[in-house]
1. State which residue pairs qualify: first residue more than 25 Å from L82 (Cα to Cα) and of a type in the set (D, E) and inside the stretch 193-220, second residue loosely packed, with under 15 Cβ neighbours inside 10 Å and modelled with pLDDT under 60 in any location, beta carbons under 7 Å apart, and separation of 6 or more residues or different chains.
2. For the stretch 101-123, check the following and say yes or no: at least one residue is of a type in the set (V, I, T), farther than 30 Å from L253 by Cα and either in the same structural domain as R50 (by TED's automatic domain parsing) or touching a Ser or Thr at 6+ places or on another chain (Cβ under 8 Å) (or both).
3. Kindly provide the set of residues from the stretch 39-68 that are in a loop (DSSP other than H, G, I, E, B) and either of a type in the set (G, A, S) or not assigned by TED's automatic domain parsing to the domain that holds D171 (or both), ordered by number.
4. Limited to the stretch 268-305, what total is found for residues that are assigned to a strand (DSSP E or B) and under 30 Å from R130 (Cα atoms)?
5. Identify, please: which residue in the stretch 86-103 is β-branched (V, I, T) and surrounded by fewer than 21 Cβ atoms within 10 Å (Cβ to Cβ) and is, among those, modelled with the highest pLDDT?
6. Can you find, within the stretch 104-119, the residue that is surrounded by the most Cβ atoms within 10 Å (Cβ to Cβ) among those that are out of contact with any Pro (no Cβ under 9 Å at 6 or more places or on another chain) and of a type in the set (V, I, T)?
7. How many of the residues making up the stretch 228-262 are closer than 19 Å to V301 by Cα and not in a strand (DSSP E or B)?
Amino acid sequence: MLSSLRTFFFTSLALFLLSSTSTIACGQFLRPSVTLSSAQVEEIHTLATRVSHHLGDVDCKTNSCLVLVNNFSDSTGATSPLGIQLADELSIQLGKAATDIRVVNRDNLLQFIARERIPTHFLAEHNAARWLAMQMSANAVVVGEIGKEGTALHLTIRFLDARKLEKQSDDLAKREEKTREDANLDGLDTSPALAPLELLGESGKYPYGIEISDPKLEFYRVGQNGVTVPGCRRRDDPEVTNEARLAHASGSLVVEALITTDGRVTEPRIVRGLPFGLNDSALAVLKKWRCGPVLKEGVPVTGLVPIEMTFYLF
């Protein structure tokens, strides 16, 4: 059983059609408009003070401790506009409650997640939160879960050591539970603000807000208007990062890339990503691919091709 858990399977990379009506739902990269009362802000400040008392539990030394507050999620792992707002507020209050630590600017976190296009449910898992903290150069991370308790919104907070990823164990669960803090927020109008977000930021047009190197380049979407889907003769597998192995990460990422008339894969962009450095691994290996040709009416053209890569870890 243990040996099978260490086995990594990478499925064959498949070219597939991604229509303009993709099921990837893009949430607006905006703060919600829920107004917190002074009593609710005070409750969050009290919660932040209690959280700061766990610095020693995560070996986060004062004056050298950088803390990230991750987006709060629900029991399914999905975040929401309110989950983002409450994490923002706790981050502010944590900075006020513990003046001997530094708190990561959460705008940097949201911009990173939007750029990497990682679905939010992948980031609620504790090792994913630790990985996010590492990307922000933080050595501790606060994670939170939102739930309803009667008419109140219930927050469950944990303070995690983010210096390394850790395999799940009974000892780890006990250490994480030791840092748990809870709070109830009464009187919040949560119905619209709790709608789940799959991705942060807007997709925009290819290549997702980043200009291609030649803005005058003419290209065609494969599988549409008579443009053929190419085959790829050389398809190296992407490297599996140590972080992904340790976290037993599984899931699919989607890349869109241009295939030139001579079969090179260029201008790759992440459409739907994964954590643990797998995006970078996917982008790096695509530079080695040779595909094509993409044909329109029998003539080679530059084609825009979506590529799905699926990782399984058993």
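1. Taking only residues 6 or more apart or on different chains, not a single pair turns up.
2. yes
3. Answer for the stretch 39-68, where residues must be in a loop (DSSP other than H, G, I, E, B) and either of a type in the set (G, A, S) or not assigned by TED's automatic domain parsing to the domain that holds D171 (or both): just S64.
4. Quick first cut of the stretch 268-305, residues assigned to a strand (DSSP E or B) only: 268-272, 290-291, 294-296, 299-301, 303-305.
Those left that are additionally under 30 Å from R130 (Cα atoms): 268-272.
Number of matching residues: 5.
5. From the stretch 86-103, those β-branched (V, I, T) are 92, 99, 101, 103; that's our starting set.
Going one step further and asking which of them are surrounded by fewer than 21 Cβ atoms within 10 Å (Cβ to Cβ), we end up with 92, 99, 101.
On the way: I92: 97, T99: 86, I101: 91.
If we take residues in the stretch 86-103 being β-branched (V, I, T) and surrounded by fewer than 21 Cβ atoms within 10 Å (Cβ to Cβ), then I92 is modelled with the highest pLDDT.
6. The initial filter retains those residues of the stretch 104-119 that are out of contact with any Pro (no Cβ under 9 Å at 6 or more places or on another chain), namely 104-115, 117, 119.
Next, from what is left, pick out any that are of a type in the set (V, I, T): 104, 113.
Working: V104: 22, I113: 25.
The residue in question is I113.
7. Just the residues of the stretch 228-262 that are closer than 19 Å to V301 by Cα, to begin with: 228-233, 256-262.
After this cut, where a residue has to be not in a strand (DSSP E or B) as well, the list is 228-231, 260-262.
Total satisfying the criteria: 7.
Per-residue answers, yes or no, for (1) within 30 Å of R245 (Cβ to Cβ); (2) at pLDDT below 85; (3) surrounded by 12 or more Cβ atoms within 10 Å (Cβ to Cβ):
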{"site": "T7", "(1), (2), (3)": "yes, yes, no"}
{"site": "L13", "(1), (2), (3)": "yes, yes, yes"}
{"site": "L18", "(1), (2), (3)": "yes, yes, yes"}
{"site": "T23", "(1), (2), (3)": "yes, yes, no"}
{"site": "F29", "(1), (2), (3)": "no, yes, yes"}
{"site": "L36", "(1), (2), (3)": "no, no, yes"}
{"site": "I44", "(1), (2), (3)": "no, no, yes"}
{"site": "H54", "(1), (2), (3)": "yes, no, yes"}
{"site": "D59", "(1), (2), (3)": "yes, no, no"}
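The values are calculated or read from the model by the stated rules, or taken from the named source; none is laboratory data. Computed from a prediction, not measured in an experiment: that's the story for all the values here. Virtual Cβ from ideal backbone geometry, glycine too; neighbours counted across all protein chains shown.
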